[in-house]
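Novice: I am attaching a structure below and will ask some questions about it afterwards.
The values are calculated or read from the model by the stated rules, or taken from the named source; none is laboratory data. As the structure is a prediction and not an experimental result, all values here were calculated from the model. Cβ placement follows ideal geometry from the backbone for every residue including glycine, while neighbour counts extend to all protein chains displayed.
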2 protein chains.
Amino acid sequence: MKMSKMFMPTLREVPADAEITSHQLMLRAGMIRKMASGVYNQLPMGIRVFNKIQDIIREELNEKGCQEILCSALIPAELWKESGRWDVMGAEMMRLKDRNDRDFCLGPTHEEVFTDLIKQEITSYKQLPLNLYQIQVKYRDERRPRFGVMRTRSFTMKDAYSFDTDEAGLDKSYQDMFDAYTNIFARCGLDNSPVQADTGAIGGSVSAEFMVKSEVGEDEIVFCSGCDYAANMEKAVAVVAEPSTEEMKELKEVHTPGVHTIEELENFFKLSADKFAKTLVYVADGKTVVVVVRGDREVNETKVGNAVGGVVEFELANEEVVKAVTNAEIGFAGPIGIKADYVLIDNEVANARNLIIGANKTEYHIENANYGRDFEGTVGDFRNVTEQDKCTKCGSHFEIARGVEVGHIFKLGTKYSEAMGCNFIDKDGKSKPVVMGCYGIGVERTAAAIIEQHHDENGITWPLAIAPYHVVVVPVNIKKEEHMEVAEKIYNDLQAMGVEVLLDDRDERAGVKFKDSELIGIPMRITVGKDIVDGKVEFKLRKSEEKEVISLDEIKSRVEAEFVKNNVKLG
Amino acid sequence: MKMSKMFMPTLREVPADAEITSHQLMLRAGMIRKMASGVYNQLPMGIRVFNKIQDIIREELNEKGCQEILCSALIPAELWKESGRWDVMGAEMMRLKDRNDRDFCLGPTHEEVFTDLIKQEITSYKQLPLNLYQIQVKYRDERRPRFGVMRTRSFTMKDAYSFDTDEAGLDKSYQDMFDAYTNIFARCGLDNSPVQADTGAIGGSVSAEFMVKSEVGEDEIVFCSGCDYAANMEKAVAVVAEPSTEEMKELKEVHTPGVHTIEELENFFKLSADKFAKTLVYVADGKTVVVVVRGDREVNETKVGNAVGGVVEFELANEEVVKAVTNAEIGFAGPIGIKADYVLIDNEVANARNLIIGANKTEYHIENANYGRDFEGTVGDFRNVTEQDKCTKCGSHFEIARGVEVGHIFKLGTKYSEAMGCNFIDKDGKSKPVVMGCYGIGVERTAAAIIEQHHDENGITWPLAIAPYHVVVVPVNIKKEEHMEVAEKIYNDLQAMGVEVLLDDRDERAGVKFKDSELIGIPMRITVGKDIVDGKVEFKLRKSEEKEVISLDEIKSRVEAEFVKNNVKLG
């Protein structure tokens, strides 16, 4: 492509409303433009990158025997009612009515559609296994779209669904996808880690997220420093400490005027936060849930949600509810005598002795509270782990990092096939529900994650496999015929080899051209300037400072060598 | 792909609800499945075909310097309000609200989005011309979705928009697209014709539809038998006959009890239909429109709509309105003394003499009515042409055929750029509106049109360029090791050449396999059977009855020859 003809609106300035690097660089490199909050249009420089990611996904999935299909984003409500999710999905699901007043949604995910398709077409074990995927636009009305294409309301997703006759089949399908994902993200140049994750609203038993470590990630990932254990914070299991052997002391009510927070309590009692228990009140689908964790810990809302049977709406209780539950102002809740639908006690609190808790009486706390003697509840793991926690697998300590979730794979089991009657006749002549898995990759988010890991102060440094173009040819002065002639010849020769080439034939200073090519991140630059009198050009890799002067007849092999080095097929 | 693993649910029976051949064959060949009225999912055999059409479109458009982008289908109402179309688009536009109660639509077309994008990014003539396209899902809530993917509510469309500094630029862009479309449809194997068309709701001055002649087409196309004139029925211009020189006779009221229709009038008066004028009453955006055409003619509602300034809602008046306008029951309307917002008289009626018309009085008609003397109105071309009409260009008679519209190109001019303030600074320093064109192709409909033109009683006969796979290799008996071994070798060898091959390794009789391969329309079939003892296989083209027996080492060159013959690139 000749850059003089190209629709590539680059920006010199960092856009004010772009907080993270990938968002800034996607805007500056002319890859995307915002149409509405969380809704983006993809410009030529963007769509080329997104398409390359899609092509890699296709290659790796086809390699595993997956087959591509394409379902509509417009889904009749009936399918979601069959699975029971029509009423469960909240405001995130975009809904509309057709001209005949029938309910539809814009698919935020496609379990129902794929399950129904298989239900209609599959009757026998002979037709299984199948693994079907699509690359398609998903719609999710996010409460807080942000960070450019990291979290949007309309985005491209590869979603795949596997259909097996039994759990062993699902295990194989899941492992195939695990391997495919590992290859896909490696080919995208991403340093990523699969981590155990909660299955959430999708349901199912086992699930892994593919996480790209990044400071801008919205998720916290927990890694073990000693073994390969890695989990999403939502899922990471907190080690259960030995029960304290301290002797139980007598309960004692203390007047604590104006002392509400753990920090205020630490100052008041001159004790560290681990000597306190904090009691939080939630409302989950209309029921009250009390959670008690140590003063220095954070409640893990996912664990709490799972413990009360999976919830849709989950939030901290308001003042009114807290008063009803505790008989006191906010800040004085405690587990003794509290009245709630669920009382959940974190392992650490159950195993500790003589904690200071709220008295359920405004301006009072209680010393020396002990689980079992003074209060009861369901004991379990209800807190976030910390770096002080030890791995339950190997006992080494944890490391915590932020990550961007680029892929997610689930063993669904028979959740959807049972709800929707997606059965097959097995070898033994019996009707059984199909055993399913589901597997997603966010395409644009993957591109954003690549930028987060591949950039410098001048712009993007695309891996060769993902770059919108492989090479940019820069004639230093387009008015010099000898520059332009050679540049055009290099441009044509490389294109004939199957290399994707930009020719910067714009009437701009070389400095401007260099700046643009660095901003948009083209992996190789060939500059045609004064050395051309000696039949030489300058060759520079985007990721290196080194400038090589090479002869014209070396260009092809030099470029080819980069493809070999990066393990990218030419043409 | 090995067919034993493939998701290809073929059907023996013709599905009851599929009226036309392409719909029946797409269902039977396992290409598509219906999810809701007018909403289809694409299965592997379908998506491969649709993707090939898309690839051809991309190649031809890129060749013309067009650049691919991708806009969201979710469009904020603001853009449509800017252009003035938010209130103009009827129930066909699917609308929804987001969680913050903001209005969005699902784009039925993207003039607004592209215009706004260019408005944001382009400031100078130096950045023009541009021609941007996307291949993307459109949503149109059709009143009557039908004929499978011919008319759906969610479909893949290639839409392109050109941006020029002046009309001469637009002329070139339009001609480029005209040429690209001609190539695209030729490569798809379609016998098609570009015809003049009405610009309709999109607006603009000049427009052409690319029509595939087919009995199942929803459009009528008018061709001149003597020259290259071709137009959509909506647009085809009716020749204006010489005024009659017959003497005007005296008006005469006749009692015509129970005589309403033209047929009843013919019987009652013993005269042919051309001796009558029929008067139809419409309601257009709340205004009454009376149209008078000869008894043997049909009103052209597009011409009428244009004559009254372009309308959104347009329908025949109900009984109540007819009574208010004519003072009579339905069946006795006539132009004399009729009270309506518009009275439109077709040229033929104005030029005829002594017509019989309704009396605007129940059970009465009037003889010898004459335009000018007895009634007035706006005279013009308000009827459909017939095969008896003569071409206004060359005088030869017309031929009328049915056609499927697969593409449509428009000169929009400055309609959208003026409404939305999409301006640029020209060479002369003046701000001017960008001059636009727009260009669409329906992807799935193109595939359906190809099937309408390429099928026989056994199934689809895909052109090589569009076929989901090029070759099917059929081992007659998979239990015979020598059949399977050779079949697999051919399968692998052809794949290595870049040929897309199916291996029918299903445990089925050869007859079943042949029937399936004919149904799904694979262009070449290689059968590995008893001749293999002599190192020979059977080679058969789908479009021919002839079976060639060729040796194993001839296979590659035989297959290659078909690619050359069909002008399709290998690999």
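Novice: Which condition number does residue B:189 fail, the rest of (1) on the phi > 0 side of the Ramachandran plot; (2) touching a Ser or Thr at 6+ places or on another chain (Cβ under 8 Å) being met?
Specialist: For residue B:189, the failing item is (2).
Novice: Just give me the residues in segment A:324-356 being among the aliphatic types (A, V, I, L, M) and within 37 Å of the chain's Cα centre (by Cα), in sequence order.
Specialist: A:325, A:330, A:333, A:340, A:343, A:344, A:345, A:349, A:350, A:352
Novice: Considering only residues that are touching a helix residue (DSSP H, G or I) at 6+ places or on another chain (Cβ under 8 Å) and of a type in the set (Ser, Thr, Tyr), which ones fall in segment A:373-408?
Specialist: A:378 - this is the single residue of segment A:373-408 that is touching a helix residue (DSSP H, G or I) at 6+ places or on another chain (Cβ under 8 Å) and of a type in the set (Ser, Thr, Tyr).
Novice: If a residue has to be closer than 25 Å to residue A:60 by Cα and at the interface with chain B (Cβ under 10 Å from one of its Cβ atoms) to count, how many in segment A:96-111 make the cut?
Specialist: Residues in segment A:96-111 being closer than 25 Å to residue A:60 by Cα and at the interface with chain B (Cβ under 10 Å from one of its Cβ atoms): 1 in total.
Novice: Does segment B:215-236 hold any residues that are in a loop (DSSP other than H, G, I, E, B), within 9 Å of residue B:196 (Cα to Cα) and in contact with a Phe, Trp or Tyr (Cβ under 8 Å, 6 or more places away or on another chain), and which are they?
Specialist: Within segment B:215-236, B:229, B:236 qualify.
Novice: A further question follows. Considering only segment A:351-405, state which residues are among the hydrophobic types (A, V, I, L, M, F, W, C), buried (at least 20 other Cβ atoms within 10 Å of the Cβ) and farther than 30 Å from residue A:452 by Cα.
Specialist: Of everything in segment A:351-405, those that are among the hydrophobic types (A, V, I, L, M, F, W, C), buried (at least 20 other Cβ atoms within 10 Å of the Cβ) and farther than 30 Å from residue A:452 by Cα turn out to be A:352, A:355, A:356, A:357, A:359, A:366, A:369, A:375, A:382.
Novice: In segment B:97-122, which residues are out of contact with any strand residue (DSSP E or B) (no Cβ under 6 Å at 6 or more places or on another chain), in contact (Cβ under 8 Å) with a residue 40 or more places away in the chain and in a loop (DSSP other than H, G, I, E, B)?
Specialist: If the condition is that a residue be out of contact with any strand residue (DSSP E or B) (no Cβ under 6 Å at 6 or more places or on another chain), in contact (Cβ under 8 Å) with a residue 40 or more places away in the chain and in a loop (DSSP other than H, G, I, E, B), then B:109 is the only one that fits.
Novice: Condition first: over 30 Å from residue A:439 (Cβ atoms) and assigned to a strand (DSSP E or B). Can you find one or more residues in segment A:238-246 that meet it?
Specialist: no
Novice: Among the residues of segment B:139-153, how many are crowded, with 23+ Cβ neighbours inside 10 Å and within 12 Å of chain A (Cβ to nearest Cβ)?
Specialist: The qualifying residues number 5.
Novice: Shifting gears a bit: Just the residues that are more than 31 Å from the chain's Cα centre (by Cα), assigned to a loop (DSSP other than H, G, I, E, B) and free of Cβ contacts under 8 Å to residues at least 60 places away in the same chain, please, taken from segment A:366-411.
Specialist: Selection gives A:372, A:376.
Novice: What about residue B:74, is it of a type outside the set (Val, Ile, Thr) and touching a Pro at 6+ places or on another chain (Cβ under 6 Å)?
Specialist: Answer is no for this residue.
Novice: Among the residues of segment A:527-541, is there at least one that is within 28 Å of the chain's Cα centre (by Cα), part of a helix (DSSP H, G or I) and either more than 27 Å from residue B:70 (Cα to Cα) or in the same structural domain as residue A:125 (by TED's automatic domain parsing) (or both)?
Specialist: No, that holds for no residue.
Novice: Show me the strands (runs of 3 or more DSSP E) found entirely inside segment A:1-83 where at least 1 residues are more than 15 Å from residue B:69 (Cα to Cα) and touching a Cys at 6+ places or on another chain (Cβ under 9 Å).
Specialist: Hits in segment A:1-83: A:74-76.
Novice: Here's something else I'd like to know. Return yes when residue B:363 is over 34 Å from the mean Cα position of the chain (by Cα) and closer than 16 Å to residue B:307 by Cβ and no when it is not.
Specialist: Against the criterion (over 34 Å from the mean Cα position of the chain (by Cα) and closer than 16 Å to residue B:307 by Cβ), residue B:363 does not qualify.
Novice: Take segment A:84-116 and flag every residue that is charged (D, E, K, R) and either under 19 Å from residue A:39 (Cβ atoms) or in contact with a Cys (Cβ under 7 Å, 6 or more places away or on another chain) (or both).
Specialist: A:92, A:95, A:111
Novice: Turning to a different aspect of this structure: Report yes if residue B:38 is among the small types (Gly, Ala, Ser) and either over 17 Å from residue B:147 (Cβ atoms) or assigned by TED's automatic domain parsing to the domain that holds residue B:152 (or both), otherwise no.
Specialist: Taking the combined requirement at face value, the residue does not satisfy it.
Novice: Looking at (1) free of Cβ contacts under 8 Å to residues at least 40 places away in the same chain; (2) exposed (fewer than 15 other Cβ atoms within 10 Å of the Cβ), which is the one condition that is false for residue B:554?
Specialist: In the conditions (1) free of Cβ contacts under 8 Å to residues at least 40 places away in the same chain; (2) exposed (fewer than 15 other Cβ atoms within 10 Å of the Cβ), residue B:554 misses (2) alone.
Novice: Farther than 30 Å from residue A:496 by Cβ, surrounded by fewer than 22 Cβ atoms within 10 Å (Cβ to Cβ) and within 12 Å of chain B (Cβ to nearest Cβ) - does that describe any residue in segment A:7-15?
Specialist: There is at least one residue in segment A:7-15 that is farther than 30 Å from residue A:496 by Cβ, surrounded by fewer than 22 Cβ atoms within 10 Å (Cβ to Cβ) and within 12 Å of chain B (Cβ to nearest Cβ).
Novice: Right, next: Among the residues of segment A:14-31, is there at least one that is within 17 Å of residue A:155 (Cα to Cα) and without any contact (Cβ under 8 Å) to a residue 12 or more places away in the chain?
Specialist: no
Novice: So, one more: Consider segment A:263-273. How many of its residues are free of Cβ contacts under 8 Å to residues at least 60 places away in the same chain and surrounded by 13 or more Cβ atoms within 10 Å (Cβ to Cβ)?
Specialist: 4
Novice: Now for a separate question. Filter segment A:352-372 for residues that are on the phi > 0 side of the Ramachandran plot and touching a strand residue (DSSP E or B) at 6+ places or on another chain (Cβ under 9 Å) and give the result.
Specialist: A:354, A:360, A:363, A:368
Novice: Can you tell me which residue within segment B:84-95, out of those that are modelled with pLDDT of 95 or more and crowded, with 20+ Cβ neighbours inside 10 Å, is farthest from the other protein chains (Cβ to nearest Cβ)?
Specialist: In this case the residue turns out to be B:93.
Novice: Within segment A:33-74, how many residues are more than 22 Å from the chain's Cα centre (by Cα), surrounded by 20 or more Cβ atoms within 10 Å (Cβ to Cβ) and more than 7 Å from every other protein chain (Cβ to nearest Cβ)?
Specialist: The qualifying residues number 2.
Novice: Filter segment A:285-332 for residues that are modelled with pLDDT under 90 and in a strand (DSSP E or B); which is surrounded by the most Cβ atoms within 10 Å (Cβ to Cβ)?
Specialist: The qualifying residue surrounded by the most Cβ atoms within 10 Å (Cβ to Cβ) is A:314.
Novice: Show me the strands (runs of 3 or more DSSP E) found entirely inside segment A:422-499 where at least 3 residues are surrounded by 19 or more Cβ atoms within 10 Å (Cβ to Cβ).
Specialist: A:435-442, A:471-475
Novice: Among the residues of segment B:500-525, what is the count of those that are buried (at least 20 other Cβ atoms within 10 Å of the Cβ) and either aromatic (Phe, Trp, Tyr) or over 22 Å from residue B:9 (Cα atoms) (or both)?
Specialist: Qualifying residue count, segment B:500-525: 0.
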